[in-house]
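The values are calculated or read from the model by the stated rules, or taken from the named source; none is laboratory data. Here the structure is a predicted model, which is why all the values come from computation and not from measurement. Note: ideal-geometry Cβ built from the backbone for every residue, glycine included; neighbour counts use all protein chains shown.
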Amino acid sequence: MGVERIMSVRKAVPEPLQRLGRRGYVALGGATAGARVLPDFIMIGGQRCGTTSLFRALMEHPQVVRPTFHKGINYFDVNYDRGFDWYRGHFPLRASARLRTRQHGHPVVFEASGYYMFHPFAMERLAREMPDVKLVAMLRDPVERAYSAWKHESARGFEREDFDTALALEDERLLGEYDRMRRDPTYESFTHRHHAYRRRGDYADQLERILQLFPREQLHIMYSERFFEQPGQEFAALGAFLGLGSVSPQRFDRYNARPAVQDMSASARARLADHFRQANERLAELLHETPPWSLTREPAA
């Protein structure tokens, strides 16, 4: 059964039944945690950088095994208080995963969360629980990413301000949120998760923190601009990093793109470009390559 067919079948089930089924499966999964697989790699973000499109492409590979219900379990960011057995309960039984991929090789298990990379404590928790896991991060022009995130949050009803106002309010909105998250691990900061348009694009800060916790060879960096321009080549490089057999999807589709109701204002673009100029230089130094958006610009998607 193809990915699109699987997704259609899941959507056809009424949401209350879906929730009941998920709770029952996770409860059973927690009771059988020791017999379940854990991720070999995790897509850690970033938000609005093409991770859903990459997730769908990975699901086409016959060796890849995803969580049973969710693209992202959000354990290491907003569900950490539920415990590691709860997390394991989201994955298939080891025997089932091996049976599923037996004709193509060993199962390669993963999950994805666009918030892991930006959350201030998720990567520390991940390093503590699974120090050997591989990490995949996808980056996008931070100027365009910020505007795309605003469109996304606005469409979901999480943002009521226009983009210029939201940028102006960002620091005020986030004031004190980090300290509250540190004091209370159960606290989920709505504004940190949904209103950090500029700060989520400070990739160098986030990657430096990750590289203090994980060896560089466990981290694979992708750029959404290159992935959408040459998806076969980028997917093959990712497959080599993950140890996947050389199987590529027949096509690469783009998911969750939000059409612009209006263009980003010139003032907002200039403000963001000025902010990210030094950040992009730091990123280039950290990764020893110039990010593609510093070489060319694309319209917001």
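Summary table
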item	result
Any hit, the stretch 200-213, residues being more than 18 Å from L126 (Cα to Cα) and in contact with a Leu (Cβ under 6 Å, 6 or more places away or on another chain)	yes
Residue selected from the stretch 245-280 under the condition under 26 Å from L54 (Cα atoms), charged (D, E, K, R) and surrounded by 14 or more Cβ atoms within 10 Å (Cβ to Cβ), by the criterion modelled with the highest pLDDT	R254
When residues of the stretch 194-241 are limited to those that are among the aromatic types (F, W, Y) and outside any helix (DSSP H, G or I), the one surrounded by the fewest Cβ atoms within 10 Å (Cβ to Cβ)	F214
Count of the stretch 166-193 residues which are part of a helix (DSSP H, G or I) and surrounded by 12 or more Cβ atoms within 10 Å (Cβ to Cβ)	13
Those residues of the stretch 78-114 which are buried (at least 20 other Cβ atoms within 10 Å of the Cβ) and hydroxyl-bearing (S, T, Y), in sequence order	Y80, Y87, S113
Pairs where the first residue, in the stretch 270-284, is more than 13 Å from R198 (Cα to Cα) and the second is among the small types (G, A, S) and surrounded by 16 or more Cβ atoms within 10 Å (Cβ to Cβ), C-beta under 6 Å, 6+ apart	R282/A204; L283/A204
Considering residues of the stretch 47-89 that are acidic (D, E) and not in a loop (DSSP other than H, G, I, E, B) only, the residue farthest from G201 (Cα to Cα)	D85
Lone qualifier among M7, M1 - being at pLDDT below 85, part of a loop (DSSP other than H, G, I, E, B) and over 29 Å from P131 (Cβ atoms)	M1
Qualifying residue in the stretch 231-245 (condition: touching a Ser or Thr at 6+ places or on another chain (Cβ under 9 Å), without any contact (Cβ under 8 Å) to a residue 12 or more places away in the chain and farther than 23 Å from R145 by Cβ)	yes
